[in-house]
Structure formats: C-alpha cells, structure tokens
Amino acid sequence: MNYATPYDIGIGDKVTYKGNDYDVFINYIKGETDAKGFTPLNNHTILFNNKVGRITCLDYTQLEVIEQITDHGRLI
C-alpha cells in the first residue's frame with residue numbers, strides 16, 4: 001500500500017523506499033509552517049534507519065507502507 005496524500009504519513013510509520021526499510025522521522029508538507037517557523041517549498045519526508053542513516057524522499061508516492069503507526073492522530 002502507498003500513501004494517497006502526504007497528510008497520511010505519520011511520524012514513526014514503517015516504510016520501504018528504494019529497497020530499504022525505514023522509519024518516518026519528519027514529514028514536511030508544502031506551505032505548512034512547523035513549530036520552529038520553517039515553511040517548506042515542496043513536500044518531502046525524512047526517513048531513518050540504522051543501516052543507511054537519514055535520507056530524504058521527495059515523492060511520497062514512492063513510499064510503500066509496511067506499518068502505519070497512527071491514523072490522523074489515533075493509534076491503529
């Protein structure tokens with residue numbers, strides 16, 4: 001399963017990207033300002049795993065969901 005929108009991506013979700021498994025570390029959505037005042041110009045997701053470290057995904061449709069931790073704030 002892939003994400004339908006960037007709003008579906010939750011921190012801590014388990015995903016596969018380019019053949020490796022990652023945890024979602026940060027999800028930035030175009031035009032939305034975060035708590036520190038950063039407003040991204042495009043959607044991008046920061047992924048993390050112990051083998052590769054941090055990597056940025058610029059196209060959320062390439063993320064394959066392994067385990068979705070939350071559904072818009074609710075644990076599933």
Checklist line | Listed residue (VAL65, ILE11, ASN50) projecting farthest to the positive dipole end of segment 6-70, Cβ model | finding: ASN50
Next item on the list: Treating cross-link reach as a plain straight distance, find the aspartates and glutamates whose alpha-carbon is under 17 Å from the alpha-carbon of LYS18, omitting any fewer than eight places away in the same chain.
Entry: ASP59, GLU64, GLU67
Notebook entry, point to check: Principal axis lengths of the chain from Cα atoms, whole Å, largest first?
Noted result: 31, 27, 20
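Quote the relative contact order of segment 6-70 in percent (integer), defining contacts as alpha-carbon pairs under 8 Å separated by 6+ residues. If you can, show how the numbers build up before the last one.
On the way: 124 pairs, mean separation 23.8, N = 65.
Relative contact order here is 37 percent.
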Check: segment 1-52: which chymotrypsin sites (Phe, Trp or Tyr not before Pro) are DSSP loop and have at most 11 other beta-carbon atoms within 10 angstrom?
Finding: PHE38
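Where a number appears in this text, it was derived from the coordinates with a stated rule and is not lab data. Keep in mind the model is a prediction, meaning the values are calculated, not measured. Every residue, glycine as well, gets a Cβ built from its backbone with ideal geometry; the counts of neighbours run over all protein chains shown.
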